[in-house]
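The values are calculated or read from the model by the stated rules, or taken from the named source; none is laboratory data. Keep in mind it's a predicted model, so treat the numbers as computed, not measured. Cβ sites come from the backbone with ideal geometry, for glycine too, and all protein chains shown count toward neighbours. Surface areas here come from the heavy atoms of the whole protein model, side chains and all, with no ligands, DNA or RNA. Shrake-Rupley method; radii C 1.70, N 1.55, O 1.52, S 1.80 Å.
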Amino acid sequence: MAGGAYEELSHTGQLGPETFELLRRLVHQVRQSSGFPPPEGYAEWNDDAAYDVITAMLTREGAGQHFVTSCFALAADDASLERLFLTSIKNFLIDEAKKTPRGKLRRRIARLMGTDASFRRIPGPPPRWALSEHPEGAVWQGNLDDLVAGAWRVRGVGITRWNHSGPTPAQTVRALMAIVTQVLRHARGAVREEDLAKVLESRFELLTPARFTPLYADDGTLAAAVEASAASEADPAGAGGGAADIWQRLTDNERLLLPYLDEDAQHAAQLLEIGQAQAGAVLAGLKAKLLLALSEDSDREAVMGALLRRCADPPPEPPL
C-alpha cells in the first residue's frame with residue numbers, strides 16, 4: 001500500500017518493494033493526468049513501460065537513486081512523500097518528452113498558436129487548444145483517428161523540409177495552422193496539445209516532398225499560373241510532357257524550392273540547409289528558369305499545375 005513506503009524508507013533507508021510499488025502507481029497517475037507519451041520502445045503505456053521510467057530515473061547521470069532519498073529527506077509523512085514523488089516523476093517525464101520529435105513539435109505549435117488570436121489555450125494538465133470561437137468548456141472527447149481523417153481532407157498544403165532551429169518558414173506556418181484550424185473545427189472543442197501533435201505528425205510524415213499552394217513569384221506571373229491551375233485538377237494533353245521537360249532541367253535543390261517561390265533567401269537557406277547567399281542564388285535561378293520555360297508554353301497554367309503535382313509525388317522506390 002502507499003503508506004508503506006515512508007515507513008520502509010524510515011527503517012531501511014533504501015528503496016524496497018513498497019517504495020517501488022508506490023513509484024509504479026504514481027507513474028501511471030502522472031501519465032494519465034498529463035498525457036505523456038510512453039517511453040521509447042513502447043506503443044502504449046503498461047507496467048513494463050512504468051518500470052522503465054522508474055529505472056531511467058534511478059540510473060540517470062547526476063541524480064540516480066538520490067531522488068528517492070532527497071524526497072524522503074524533505075517528507076514529513078506519507079502524503080508529503082507522495083507529493084514529492086509525483087513532482088519528481090512529472091518533471092522527469094517533461095524533460096524526456098522535450099527530447100522527442102513529438103515533444104519538439106508540441107512546443108513549436110504551442111508557440112505558433114500562442115501568437116495567433118484565432119486560438120485559445122486551456123491550461124492543463126493536460127494542456128488543450130481550442131478555436132477562439134468555441135464556447136467555453138467545450139472539450140473534444142472523440143476518436144483520434146477521426147481527427148487524423150479530418151486533417152487529410154485538407155488539400156494543397158504540405159511541408160518539404162522541417163527546420164530544427166530559427167524561425168519557422170512562413171509556408172510551414174501556414175500549413176501547420178491550416179491543419180490545426182480544420183482539426184479544431186471538426187472537434188468543435190478543445191483538443192489536447194499532445195493529440196494535435198499526433199495529428200500533424202501523421203498528416204505530414206508521408207509527404208516526401210510535400211506541396212504548398214498558392215505559389216507566388218516576384219511579379220505575379222507564376223502566381224496567376226498557379227491560381228488558374230488550382231481551379232481544375234485536369235491535366236490537358238501536353239501539359240504533363242511539358243512539365244516533365246522542365247522537371248528534368250531542375251536540380252534537386254530547385255525542385256525542393258519549387259513550392260516556396262514566395263519565400264526569401266533566409267527561408268530558402270533553412271529549407272536547403274545551405275548558406276543564405278547560395279540559397280538566394282538557387283532561388284533566383286529557379287525563378288528565371290520557370291519564367292523562361294513558361295513564357296514559351298501556351299498552356300503555362302496547366303504545366304505549372306503539373307509541376308506542383310510532381311512536388312507531391314513520393315520518390316520512386318529504390319531498385320531491389
Quick one: residue 155 ticks every box in (1) farther than 23 Å from residue 257 by Cα; (2) in a loop (DSSP other than H, G, I, E, B); (3) modelled with pLDDT of 75 or more; (4) open to solvent by 50 Å² or more (accessible area, probe 1.4 Å) except a single one, so which number is it? (1)
Residue among 49, 56, 76, 43 that is among the hydrophobic types (A, V, I, L, M, F, W, C), under 25 Å from residue 126 (Cα atoms) and open to solvent by 50 Å² or more (accessible area, probe 1.4 Å): 43
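So that you can scan it fast, the table gives a plain yes or no per residue for (1) outside any loop (DSSP other than H, G, I, E, B); (2) open to solvent by less than 50 Å² (accessible area, probe 1.4 Å); (3) at pLDDT below 80:
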| position | (1), (2), (3) |
| --- | --- |
| 137 | no, no, no |
| 141 | no, no, no |
| 147 | yes, yes, no |
| 151 | yes, yes, no |
| 159 | no, yes, yes |
| 165 | no, no, yes |
| 177 | yes, yes, no |
Among the residues of segment 293-307, are any modelled with pLDDT under 75, of a type in the set (Val, Ile, Thr) and open to solvent by less than 60 Å² (accessible area, probe 1.4 Å)? no
Quick one: in segment 79-93, of everything that is of a type in the set (D, E, K, R) and crowded, with 16+ Cβ neighbours inside 10 Å, which residue is modelled with the lowest pLDDT? 90
What do you reckon, is residue 117 farther than 20 Å from residue 21 by Cα, buried (at least 18 other Cβ atoms within 10 Å of the Cβ) and at pLDDT 85 or above? no
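Filter segment 259-281 for residues that are buried (at least 19 other Cβ atoms within 10 Å of the Cβ) and either among the basic types (Lys, Arg) or at pLDDT 80 or above (or both) and give the result. Step through it out loud before you land on a result.
Going residue by residue through segment 259-281, those that are buried (at least 19 other Cβ atoms within 10 Å of the Cβ) are 259-261, 263, 267-272, 279.
If the condition is that a residue be buried (at least 19 other Cβ atoms within 10 Å of the Cβ) and either among the basic types (Lys, Arg) or at pLDDT 80 or above (or both), then 279 is the only one that fits.
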